[in-house]
1. Can you tell which of Arg66, Arg13, Arg37 shows the greatest fluctuation in a Gaussian network model of the chain with Cα springs below 10 Å?
2. Take the solvent-accessible surface of the protein heavy atoms, probe 1.4 Å, and return the percent of it on the chain that carbon and sulfur atoms account for.
3. Angle check, please: helix 50-63 long axis (alpha carbons) against the longest principal axis of the chain (alpha carbons), in degrees 0 to 90, nearest 10.
4. Sort 69-75, 58-64 for me by packing, meaning the mean count of neighbouring Cβ atoms within 10 Å per residue, highest on top.
5. Which value, in Å², gives the accessible area per residue of the chain when a 1.4 Å probe is used on the protein heavy atoms?
6. Is there a quick way to get the dipole size of segment 23-68? I mean about its Cα centre, with the Cβ of Lys and Arg at +1 and of Asp and Glu at -1; what is the value in debye to the nearest 20?
Amino acid sequence: MSEPLTPPPGPPRAIKTPCVQVCVVDGESGLCMGCYRQLSEVAGWARLSDDERARIMAELPSRRSRIRPEKLAMFG
């Protein structure tokens, strides 16, 4: 018989995220207009390694240019 799983002590470790609570996807680019992630990245964020998340976060500022400025103006 296997031993029962013991939960880790304390709350789970927080995961760094670029989410700004503006969850609107641009149909042309496929990017979230709040954080500039792709839907697949948003959906799988918790399963990515710290290194994978850091790589994506480093790319996000350059993705902004893939969304037309007039669309982004809606969010200030």
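The values are calculated or read from the model by the stated rules, or taken from the named source; none is laboratory data. Since this is a predicted model, take the numbers as computed values, not measurements. Cβ: placed from backbone, ideal geometry, glycine included. Neighbour counts: every protein chain shown. Each accessible area value is taken on the protein alone, full model and side chains, heavy atoms only, with ligands, DNA and RNA left out. Shrake-Rupley method; radii C 1.70, N 1.55, O 1.52, S 1.80 Å.
1. Arg13
2. 60
3. Compared with the principal axis, the helix lies near 10 degrees.
4. Per-residue Cβ counts within 10 Å, averaged per peptide and sorted highest first, yield 58-64, 69-75.
5. Heavy-atom SASA per residue in the chain reads 76 Å².
6. 140
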